[in-house]
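Only one structure is covered here, and it is reproduced in the block below.
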Amino acid sequence: MNILWLTQTALTEARQLMNKKTNPFVGWLESASAHLADSEGINLSVAFPENRLTDVQVINGNKIKYYVFPPVSEKYDPSRENVFLKKILNYARPDIVNIFGSEHAHSLAMVRTCNEQNIPVVLSFQGIISMCARHYMAYLPARVRNGVTFGDLIYQGNLRQEQGRFFMRGRSEIEAVRKVRYVIGRTALDRAFTTQINPGAKYYFCNETLRDEFYKHGWDIDRCEKHSIFISQAGYPIKGLHLMLEAMPLILRRFPDARIYVAGLNIIKSDTLKDKLKLTSYGKYIKALIKRYDLGESVEFTGILDERQMCRRYLQSHVFVCASSIENSPNSLGEAMILGVPCVASDVGGVTDLLTHKEEGFVYQADAPYMLAHYVCEVFANDELAGQFSAKAREHALRTHDREVNTHTLISIYNDIRREA
């Protein structure tokens, strides 16, 4: 069976063959593709966009063939985009096309092209951008939502404009979902979205496989940095760093040595004039909160971490916090759980499909930083509770993210679609 995946970014093997730097954010696709490509009877190829191309390039990997194409414009132009996608379909001759991510312009373009050629296409949900757009600026003051800095102008817009781009991409996402017969999801959120947008689509359940490194290790309370909190992303408001900072003064009252580690670029960096000019509205707000609550010694941005560094940062942490205003099935929460790091997560989207409240961790109301603080302190104060959460969360996550089961399920889905087509 010939399977063509459409992804947003190149897998590591493809990037190496193109002499480009590896991308630390595609690890879960690496693992899933490797297991699928090793499966008997499966011939896997992967297509992805790359800037500064004028035509389709074909790259032969060890077990996977890659098709690289020029990016698809948000303003869909079938006379241009269809040419590249039709070339890929002609080269790959897929029995099924599996699109990863409903939110990209090329996702809708591929759906249209496959429908024109009567090629079965299935859409695998990742984040749901039309839902993210609704919650993009949740719990932010109006002055922040509407503010503009020079850095916003550099990065092509303030928060309001960025939310507008999310809504625009969301319209394409909704059209793509309406035009497919098959979708793959794993949460109540993406099932509800499918039912409301395209009730005629056949919904398949399949969990995700995580990055390989996270299956190799386990959290130990005696080896972590006590009273440390880890947040895996904070580059934009959906991830809720501002709410974590609102909770921090309450945590510090009980645990004065508490510390937050934030993965990713330092969005508050202002050491030089250039840094200050690049500061965005959200970065400026985060910087102001840190100053207001005197958190300068309690917050550290780690920089971008690769797979091993990320895993190590989880294991060094006492608590993992997912403070987002919206999520579908956050891989960061899955990674924390499979390692056994005690978790506190906001009750949004599909979070409760992953984490059971008071059995495997704590789940709190997203706009209640006082409850976030309370639950973090509960874990800090009770090593026995932390150990119980660690063991039960790890057990759950090992089932959810079982690589062999998920690969078998995906192949079963492909076989079912092929029989129906």
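The values are calculated or read from the model by the stated rules, or taken from the named source; none is laboratory data. No experiment lies behind these values; they were computed from the predicted model shown. Here Cβ is always computed from backbone atoms with ideal geometry, including for glycine, and neighbour counts include all displayed protein chains.
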Mind checking which pairs have a first residue in the range 246-266 that is on the phi > 0 side of the Ramachandran plot and a second that is crowded, with 21+ Cβ neighbours inside 10 Å and assigned to a strand (DSSP E or B), Cβ under 8 Å, 6 or more apart or different chains?
none
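Residue-wise test of (1) over 21 Å from the mean Cα position of the chain (by Cα); (2) closer than 30 Å to residue 270 by Cβ; (3) surrounded by fewer than 19 Cβ atoms within 10 Å (Cβ to Cβ).
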| residue | (1), (2), (3) |
| --- | --- |
| 71 | no, no, yes |
| 93 | yes, no, yes |
| 106 | no, no, no |
| 120 | yes, no, no |
| 162 | no, yes, no |
If we scan the range 254-267, do we find a residue that is among the hydroxyl-bearing types (Ser, Thr, Tyr) and more than 24 Å from the chain's Cα centre (by Cα)?
no
Mind listing whichever residues of the range 36-49 are of a type outside the set (S, T, N, Q) and surrounded by 17 or more Cβ atoms within 10 Å (Cβ to Cβ)?
36, 37, 42, 44, 46, 47, 48, 49
Would you list the helices (runs of 4 or more DSSP H) that sit entirely within the range 91-196 and hold 1 or more residues that are more than 28 Å from residue 235 (Cα to Cα) and either among the acidic types (Asp, Glu) or out of contact with any Cys (no Cβ under 6 Å at 6 or more places or on another chain) (or both)?
105-116, 159-179
Hey, residue 235 hits all of (1) under 19 Å from residue 334 (Cβ atoms); (2) at pLDDT below 95; (3) small (Gly, Ala, Ser) but one; which does it fall short on?
(1)
Select from the range 197-233 the residues that are in contact (Cβ under 8 Å) with a residue 60 or more places away in the chain and assigned to a helix (DSSP H, G or I) and write down the one among them that is farthest from residue 319 (Cα to Cα).
212
Residue list for the range 40-69, restricted to those being part of a loop (DSSP other than H, G, I, E, B) and under 10 Å from residue 88 (Cα atoms):
56
Only unsatisfied item for residue 66, checking (1) at pLDDT 95 or above; (2) under 18 Å from residue 125 (Cα atoms); (3) among the hydroxyl-bearing types (Ser, Thr, Tyr), is (2)
Go through the range 23-48 and count every residue that is under 14 Å from residue 61 (Cβ atoms) and among the polar types (S, T, N, Q).
3
Just give me the residues in the range 270-294 being surrounded by fewer than 18 Cβ atoms within 10 Å (Cβ to Cβ), among the hydrophobic types (A, V, I, L, M, F, W, C) and either touching a Phe, Trp or Tyr at 6+ places or on another chain (Cβ under 9 Å) or assigned to a loop (DSSP other than H, G, I, E, B) (or both), in sequence order.
277
Which numbered condition residue 283 misses (of (1) closer than 21 Å to residue 208 by Cα; (2) in contact with a Lys or Arg (Cβ under 9 Å, 6 or more places away or on another chain); (3) in contact (Cβ under 8 Å) with a residue 60 or more places away in the chain):
(1)
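When you check residue 241 against the structure, is it over 18 Å from residue 320 (Cβ atoms) and not small (Gly, Ala, Ser), yes or no?
Against the criterion (over 18 Å from residue 320 (Cβ atoms) and not small (Gly, Ala, Ser)), residue 241 does not qualify.
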Does any residue of the range 118-138 turn out to be in contact with a strand residue (DSSP E or B) (Cβ under 6 Å, 6 or more places away or on another chain) and at pLDDT below 95?
no
Can you confirm whether the range 80-91 contains a residue that is modelled with pLDDT of 95 or more, among the hydroxyl-bearing types (Ser, Thr, Tyr) and closer than 28 Å to residue 406 by Cβ?
yes
